[in-house]
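Comments concern the structure below.
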Amino acid sequence: MGLFDRIMRVIRANLNSLVSGAEDPEKILEQAVMDMQEELIQLRQAVAQAIATQKRTERQCSQAQTTADEWYRRAQLALQKGDEGLAREALTRRKSYQDTAEAMRSQIEQQSTIVTQLRQNMMKLESKISEAKTKKDLYIARARSAKASQQINDMMGRVGTGGAIAAFERMEEKVLQLEAQSEAVAELGTDDLEKRIAALGEADEVEAELAAMRNQMTGGPSAAQLPGGPTPASDADQELETLRQQIREP
């Protein structure tokens, strides 16, 4: 028995959770107002029926009282004519209708109380429906706002945990790195160009100096006027070889 109770408790808990999860506040509020409107229609029909019954009872009561009064008049007429037996019979008939009229008056009082109570309930329900409609619009607006806020929070949570922001940051870092590399390449290209231009200038100076030396050695001033004076052939060859070795060395 204990195990069965536990199983039923679990089933009820799961069903309640399922129902709670499936409830849409907007639809529930709309349905609640529709149900109240339906109840109001039924209550109005009940009030109308109770009033109609009361009116019919009042007519029947009035008719019974009128008939009772008519039999009383007949009893008076029979007594005036000296027919007591007929007068007694007429009074008996009058009493029957009189009793019926009295019973209907009591019924009319009860029906009047019921109609009054039904009308009060109907007015209360109409007031509740009016209040419910106002609150419904407010609650629906709040529910939509809360749902939108929850969706935004869920989306932000998925973006944060899904790595989209991290991927965006990586791409941003990569773009910055590419820009830095581009700037470095541009700077290196500028330095290389400046070096090449400077080298061209230095080559021109060397060529000019070499041409001047040729002029001095051929058609220009005598070799004795060169810096350091004339150099013997053997010493010149040795010095030239030394110079070549120095140039080859890094």
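Read-outs: derived from the displayed coordinates by stated rules, not from any lab. All values reported here derive from a predicted model rather than from experimental measurement. Neighbour counts are summed over all protein chains in view; Cβ atoms, including those assigned to glycine, are modelled from backbone coordinates with ideal geometry.
Things to note:
- Sorted largest first, the principal axis extents computed over the alpha-carbon atoms of the range 16-117 equal 90, 20, 14 Å.
- Sequence ranges 71-79, 141-149, ranked by mean other-Cβ count within 10 angstrom, highest first: 71-79, 141-149
- Mean Cβ count within 10 Å, highest first, over the residues of peptides 98-110, 120-132: 98-110, 120-132
- Protection proxy ranking of 210-216, 24-30 - average other beta-carbon atoms within 10 Å, highest first: 24-30, 210-216
- If R0 is taken as 41 Å, the Cβ-Cβ distance between Leu178 and Asp154 corresponds to a FRET efficiency of 0.75.
- Across the cross-link table entries Lys147/Lys174; Lys27/Lys124; Lys124/Lys147, which are compared at the Cα atoms, the separations over 30 Å belong to Lys147/Lys174; Lys124/Lys147.
- Rough spin-label spacing in nm, given labels placed 7 Å along Cα→Cβ, for Ala143 and Met217: 10.7
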